[in-house]
Amino acid sequence: QKEVEQDPGPLSVPEGAIVSLNCTYSNSAFQYFMWYRQYSRKGPELLMYTYSSGNKEDGRFTAQVDKSSKYISLFIRDSQPSDSATYLCAMSEETSGSRLTFGEGTQLTVNP
Amino acid sequence: DGGITQSPKYLFRKEGQNVTLSCEQNLNHDAMYWYRQDPGQGLRLIYYSQIVNDFQKGDIAEGYSVSREKKESFPLTVTSAQKNPTAFYLCASSIGARNYGYTFGSGTRLTVV
């Protein structure tokens with residue numbers, strides 16, 4: 001079983017929809033949680049960063065971490081065609097220089 | 001602008017050849033990483049280095065080699081021992097002391113011909 005599970009999709013939504021992307025994990029030592037966005041044939045870019053539990057909002061994006069359930073989410077409000085990309089969750093432990101463990105990525109298409 | 005530069009963008013390798021992928025960063029980051037990305041498998045760690053002249057194997061190091069002679073540079077060699085090298089290769093770096101996330105390069109697409 002993978003340490004981080006992410007539904008690969010593909011997910012297709014109409015423009016303006018609210019999108020929910022999710023990951024579950026098994027390692028209770030994970031403390032840093034991130035979401036990356038990757039456009040086709042490009043490198044991933046860091047979208048959201050959260051330490052421990054709670055919510056974080058940045059414009060149309062909201063990241064949620066529920067450590068009790070080992071579950072993280074990324075919400076995209078008023079989705080735009082430019083949001084069409086693959087979204088990867090990533091997480092790591094507290095220890096210094098810890099490696100990131102990535103989910104498989106969810107492919108999202110927002111249709112105009 | 002600070003960032004990570006990977007070259008070349010596309011690379012073709014013949015059977016039995018070694019090829020080297022370049023990764024250079026000017027972010028003054030201590031740690032650097034190489035990942036391989038395949039459809040349906042996400043990102044898999046090949047090698048990583050947290051300081052100059054030191055590096056560790058990741059989850060899929062067989063058939064690959066690296067060096068870290070300078071802080072800015074972390075080249076990856078795909079050897080002939082790697083039986084299925086066709087993939088998208090990503091280099092990343094991070095500050096290293098604490099995990100604030102990685103900065104990725106734009107990737108190299110390697111194809112065996």
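The set of residues from region A:80-105 being at pLDDT 95 or above, more than 9 Å from chain B (Cβ to nearest Cβ) and assigned to a strand (DSSP E or B) comprises A:A85, A:T86, A:Y87, A:C89.
Please return the ranges of strands (runs of 3 or more DSSP E) entirely within region A:2-68 where 1 or more residues are more than 21 Å from A:N111 (Cβ to Cβ).
On the way: elements: A:4-6, A:11-14, A:19-25, A:30-38, A:45-51, A:54-58, A:61-66.
The qualifying strands (runs of 3 or more DSSP E) are A:4-6, A:19-25, A:30-38, A:45-51, A:54-58, A:61-66.
Those strands (runs of 3 or more DSSP E) of region B:1-107 in which 1 or more residues are within 14 Å of chain A (Cβ to nearest Cβ) occupy B:4-7, B:10-13, B:19-25, B:31-38, B:42-51, B:54-57, B:87-94.
What about B:E72, is it within 13 Å of B:I4 (Cα to Cα), charged (D, E, K, R), modelled with pLDDT of 95 or more and in contact with a Ser or Thr (Cβ under 6 Å, 6 or more places away or on another chain)? In short, no. Considered as a group, the residues in region B:14-37 that are farther than 15 Å from B:G101 by Cα and of a type in the set (S, T, Y) include one that is surrounded by the most Cβ atoms within 10 Å (Cβ to Cβ), and that residue is B:S22.
I need the full set of residues from region A:46-55 which are surrounded by 15 or more Cβ atoms within 10 Å (Cβ to Cβ) and in contact with a Ser or Thr (Cβ under 9 Å, 6 or more places away or on another chain), in order please. Within region A:46-55, A:L46, A:M48 qualify.
Of the residues examined, A:R41 is not one that is within 22 Å of B:G40 (Cβ to Cβ), crowded, with 19+ Cβ neighbours inside 10 Å, of a type in the set (K, R) and within 11 Å of chain B (Cβ to nearest Cβ).
The values are calculated or read from the model by the stated rules, or taken from the named source; none is laboratory data. A quick note: this is a predicted structure, and the numbers were derived from the prediction, not measured. Virtual Cβ from ideal backbone geometry, glycine too; neighbours counted across all protein chains shown.
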